[in-house]
Amino acid sequence: MINKRLLIKNLLSHTGENSFYDKKLKLSLGSKEGKAKFLKHVCALSNSNPENNSYIVIGIEDEENKIMGVDFYDDSKIQNLINAYLKNPPKIEYENVPFPRLPRHKVIGLVTIHANNKVTSLLKSAWKYRKESIFYRRGSNSMPASKNFELRNTNKSIVEAIEKNARNNIELTLDGVFDFFSSHKPEYNPQYKVFNEQFVLCWAGEKKEVNGEEFYSRVDIELINEQVRLFFSSLDDVQISYNKNSFIITEYILLGIDKQEKRYPLEKTIINFKDNGKHDIVSEFLFKAPKFDDVRIQHIYENNNAIISKIEKNTPLSVLEHEDVLRLPTNYLICFLHGFLDAGDQLRKAKDYIKNIEDKTTYVKYKEAMRVLRKVKYSS
């Protein structure tokens, strides 16, 4: 097994960006430009590494190689984006890798682009990049290639050496367990479990009982062998169970109007540990949108938009409007579920305003609402 934290360190210690890895401060998959540039880099790295993995490291300040971190990115459907836009798409994985010096809610993102040994090109136009465009890596740059581009294997031996030096061992595993326990307060009940005598999984969460059922909030789950964060939630209520070969997470969201909230199952995630030293993660989308009074939803939507208009014009909000801002993420999510499909775009307009509110709970709810919006869109 490869220790992903050590792999990232090995990549960063290499001679800067090159034809087998790239680094970014953040991904902007919500914009057409950001999505297109990500597709270009995946295409270029795949074409320049036909027989070995290539990587994109996210959360790194470019000039000084400084580890800045990004938010946990909960999106197993990123492969769908690749499949939709690329011809001969490579298999890719996005993993969240915790680093000890980063805040608990921050990670380094690691995109692994698996060897494809086929010429990858754009299946359809994306932003300013035309359909059938081919890209390759020249040093640290992703460059357009001619239509008669031929694959060349130039990085296989050096990437294999980097990956070999990142192999896990007992010392790294034990250090990872100790790091996990020391970084979580006792009230979060940090604990570990070993699966199939080889996988060490650590998890923590604030335990509570609701109507006789056991839930956890602020849940953090890491696969220590690979130093990968498998799940992270700041607010959601989560039920956890496990058996001999699997760890099961069922995630709930709170939705309601005027603080009359109810728990709705969102998604079940099953981590299966196999006897061959591998694991897979299977997700089942459970969410069924609740139905509220249409007239009331229309009123909430219009009120939300009036607040957004004031925020955009830097017009001071009234006391009541400021209180409504605190419910803006949940209210816009409910509006989206009732057919107001621009609700996500409207909510994004308030991101900076919400982010600057002293109490960060609303910003956490904003990120949770956007995450649920993504899940609903991908599962539709």
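Can you say whether ASP294 is surrounded by fewer than 20 Cβ atoms within 10 Å (Cβ to Cβ) and either at positive phi or among the charged types (D, E, K, R) (or both), as far as the supplied structure shows?
In short, yes.
Could you please find all residues in region 82-107 being among the aliphatic types (A, V, I, L, M) and touching an Asp or Glu at 6+ places or on another chain (Cβ under 9 Å)?
VAL97, VAL107
Given region 1-99, what strands (runs of 3 or more DSSP E) lie entirely inside it while holding 1 or more residues that are under 24 Å from ILE281 (Cα atoms) and touching a residue at least 24 places away in the same chain (Cβ under 8 Å)?
Per the criteria, 54-58, 92-97.
Could you tell me whether any residue of region 127-145 is surrounded by fewer than 17 Cβ atoms within 10 Å (Cβ to Cβ), in the same structural domain as GLY34 (by TED's automatic domain parsing) and of a type in the set (A, V, I, L, M)?
yes
Only one of these is within 30 Å of PHE99 (Cα to Cα) and under 20 Å from the mean Cα position of the chain (by Cα): ILE240, ILE221. Name it. So that I can check it myself, show each step before the final result.
Numbers: ILE240 fails: under 20 Å from the mean Cα position of the chain (by Cα).
After applying the criteria, what remains is ILE221.
Going by what's in this entry, would ASN305 be described as among the polar types (S, T, N, Q) and surrounded by 11 or more Cβ atoms within 10 Å (Cβ to Cβ)?
Taking the combined requirement at face value, the residue satisfies it.
Does ALA204 count as buried (at least 17 other Cβ atoms within 10 Å of the Cβ), farther than 22 Å from GLU251 by Cβ and touching a helix residue (DSSP H, G or I) at 6+ places or on another chain (Cβ under 8 Å)?
no
Answer with yes or no whether ALA145 is among the hydrophobic types (A, V, I, L, M, F, W, C) and farther than 30 Å from PHE20 by Cα.
Here the answer is no, as ALA145 does not meet what is asked.
In region 263-279, which residue that is modelled with pLDDT of 90 or more and loosely packed, with under 15 Cβ neighbours inside 10 Å is nearest to HIS338 (Cα to Cα)?
Looking at residues that are modelled with pLDDT of 90 or more and loosely packed, with under 15 Cβ neighbours inside 10 Å, I get ASN272.
The values are calculated or read from the model by the stated rules, or taken from the named source; none is laboratory data. This is a predicted model, so every value here is computed, not measured. So basically every Cβ, Gly included, is an ideal-geometry build from the backbone, and we count neighbours across all protein chains shown.
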